[in-house]
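Each remark here refers to the structure printed beneath this line.
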Amino acid sequence: MTDHENTKTCTWNKEVEFPDGSKLPSVPYENECNIERCHDCGVELGGYHHPGCDMERCPKCGGQLISCGCLDEEEDE
């Protein structure tokens, strides 16, 4: 991601919309790695990650949002 040294929070990433149309509040950055700022997008503790940040957690499953699969389009059963 780009350098966001002065970023406190992403103001427009406060919810995650899933392919089924449901929405859940975004998970704010927590001090998981004992650092005050997210190493990828630079938000401060309690701030919302920028879309695409590799530290953003999925509010549905708790996994890494960019790779958990919850945002994948549902396939026909």
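The values are calculated or read from the model by the stated rules, or taken from the named source; none is laboratory data. A quick note: this is a predicted structure, and the numbers were derived from the prediction, not measured. Please note: Cβ atoms are built from the backbone with ideal geometry, for glycine as well, and neighbour counts cover all protein chains shown. Just the protein is used for accessible areas: all its heavy atoms, side chains included, with ligands, DNA and RNA removed. Shrake-Rupley method; radii C 1.70, N 1.55, O 1.52, S 1.80 Å.
Under a 1.4 Å probe, what is the accessible area of the range 11-77 per residue, stated in Å²?
64 Å²
Please sort 10-23, 48-61 by packing, taking for each peptide the average over its residues of neighbouring beta carbons within 10 angstrom, highest first.
Ranked by mean Cβ neighbours within 10 Å, highest first: 48-61, 10-23.
Using a Förster distance of 22 angstrom, determine the FRET efficiency expected from the C-beta separation of ASP72 and TRP12, and round it to 0.05.
Computed FRET efficiency for ASP72 and TRP12 comes out at 0.45.
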